[in-house]
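Where a number appears in this text, it was derived from the coordinates with a stated rule and is not lab data. Small disclaimer: the values here were computed from a predicted structure and weren't measured. No Cβ is skipped: glycine too gets one built from the backbone with ideal geometry, and neighbour counts run over all protein chains shown.
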Amino acid sequence: MKIVVIGGSGLLGKKLVSKLQERRHEVVAASPSSGVNAVTGEGLAEVLVGAQVVVDVTNPPSFEDAAVLEFFEKSSRNLLAAEADAGVGHHIAVSIVGADRIPDSGYMRAKVAQEKLIQSAAIPYTIVRATQFFEFIETIIAQFPSDGQMVHLPPAFIQPILANDVADALVDITLGAPVNGIIDLAGPERFRFEEIIRQFLSATHDSHQVVVDSHARYFGAALNDQSLVPQGNSRIGSTRFEDWLNRSIA
């Protein structure tokens, strides 16, 4: 089976490509560096010839509200149109758990717009909403307010997952039938932000102190206890945060 991974040069894309190749499938890692640009449409028709499945794991170069919306709308429209012409039978896109519950975030609004384009197209699809990756914990910390000594965090839950566990789930989804719906992926443990950030800061010998602040925003958005965690049935990864942390700082 020919599978095209759009964004195949990124963190998740590389893992997915490698795992699918181990299963002896014909896998193409498509990205601007390989001459395929979903935003402009460059190279899409050529790379999709003979493809049965397309997996979109792209991310924009800019997270500014207007730019990220333009990225996901243009890339999705171009991809879906090219897939229809090529006869692709399954479109898979990675989104974020809670995207539709955080309207204050421009990025989340853009992901919802992407999801709606996929849902309204004629191509069978699966939308995979994942929680935050362990690997991005430093990026998450850096965007919260800090005075150099204290980091202000919201009193909300987070249930992060290892990127490799997401890739494992994506392999099964890619090789399976379209669900024409949404699948949630999350890690095995649910934390308050202050719990997981304290754990990370301690393990990395970072002297910043944690302050729980109900006014702290997550990438500009207010959170509640349900904002970032799965609701109802979801697929759960196997890797615990502490185990990953111990390995990553060893």
Quiz item: For the peptides 3-10, 163-170, what is the packing order when you average, over each peptide's residues, the other Cβ atoms within 10 Å and list the highest mean first?
Solution: 3-10, 163-170
Practice problem: For Arg129, list long-range residues whose amide hydrogen, built 1.01 Å from N in the peptide plane, is under 5 Å from its own amide hydrogen. | Solution: Ser95, Ile183, Asp184, Leu185
Self-check item: Rotationally averaged projected area of the chain (alpha carbon convex hull; nm²)
Solution: 13.2 nm²
Exercise. Report, in degrees rounded to the nearest 10, the 0 to 90 angle that the Cα long axis of helix 65-86 makes with the longest principal axis of the chain.
Key: 30 degrees
Quiz item: Cα axis of helix 163-175 to longest principal axis of the chain: angle in degrees, 0 to 90, nearest 10?
Solution: 30 degrees
Practice problem: Just the number, please: Stokes-Einstein D of the stretch 9-92 in µm²/s, Kirkwood Rh from C-alpha pairs, 37 °C, 0.692 mPa s. | Solution: 245 µm²/s
Practice problem: Just add up the charged neighbours of Glu189: K/R +1, D/E -1, any other residue whose Cβ is under 13 Å from the Cβ of Glu189. | Solution: -1
Quiz prompt | Bridge type composition, the stretch 2-248 - antiparallel percent by DSSP, nearest 5 | solution = 15 percent
Quiz item: Restricting attention to the stretch 203-250, which trypsin sites (Lys or Arg not before Pro) occupy a DSSP loop and are surrounded by at most 16 other Cβ atoms within 10 Å?
Solution: Arg217, Arg240
Quiz prompt | Pairs of lysine residues in the chain - Cα separation under 20 Å, sequence separation of 8 or more or cross-chain | solution = 5
Quiz item: List the trypsin sites (Lys or Arg not before Pro) in the stretch 1-71 that DSSP assigns to loop (not H, G, I, E or B) and whose Cβ has at most 14 other Cβ atoms within 10 Å. Which are they?
Solution: Arg23, Arg24
Quiz item: Taking Cα atoms, how many degrees apart are the long axis of helix 106-120 and the longest axis of the chain, rounded to 10 and kept between 0 and 90?
Solution: 30 degrees
Practice problem: Give me the number: length gained by fully extending Gln231 to Thr139, i.e. 0.36 nm times residue separation minus the C-alpha to C-alpha distance, one decimal in nm. | Solution: 30.6 nm
